[in-house]
């Protein structure tokens, strides 16, 4: 069996799970940071043609190291998980490149979640196949019992 057959498909396209994590500049006001997150969500839904599954705002956290260009030591983290075919991810990359509010970004395909979903789908298919097989066996055994009751005996019994 080919594993790619078990991806969720819509309109003939394989939908894969992606996650984008981005850091916005904490020096800008909270309303502007919230607007930036909404802008990213809008781009993901319209230009990337993706289905957003989860938005997780982590808030302001300390960075692992001081950024050399901006001298920032903390940032406002946001993680968005979505499904798409991956062909239009360049649009999302362009948004992060041209918008100055975003300090860092990373787009990752979540194959670990895809594997878990594939295993669950296979398990469900196998359980369904076993249920169908059991019901077919039950139907066949009931038919045999009914047919044996209706059938005449193969030998004749003489009464005394």
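Coordinate-derived values only; no laboratory data. None of the values given here were measured: they were computed from a predicted structure. Cβ atoms come from the backbone with ideal geometry, glycine included; neighbour counts cover every protein chain shown.
Summary of computed values
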quantity	calculated
Exposure proxy ranking, count of Cβ atoms within 10 Å, fewest first, for 21, 121	121, 21
Chain lengthening between residue 107 and residue 57 when straightened (0.36 nm per residue, less Cα-Cα)	16.4 nm
Computed FRET value (nearest 0.05) for residue 91 with residue 21, which takes r as the C-beta separation and R₀ as 22 Å	0.80
Ordering of 62-71, 107-116 by burial proxy (mean other Cβ atoms within 10 Å per residue, highest first)	107-116, 62-71
From the C-alpha gyration tensor of the stretch 3-109, square roots of 5λ in Å	28, 13, 12
Label-to-label distance, nm, for residues given as residue 49 and residue 123 (7 Å Cα→Cβ offset)	3.3
Efficiency of FRET from Cβ geometry, residue 32 and residue 64, R₀ 22 Å, rounded to 0.05	0.35
Fewest-first sequence of 91, 101 by Cβ atoms within 10 Å of each Cβ	91, 101
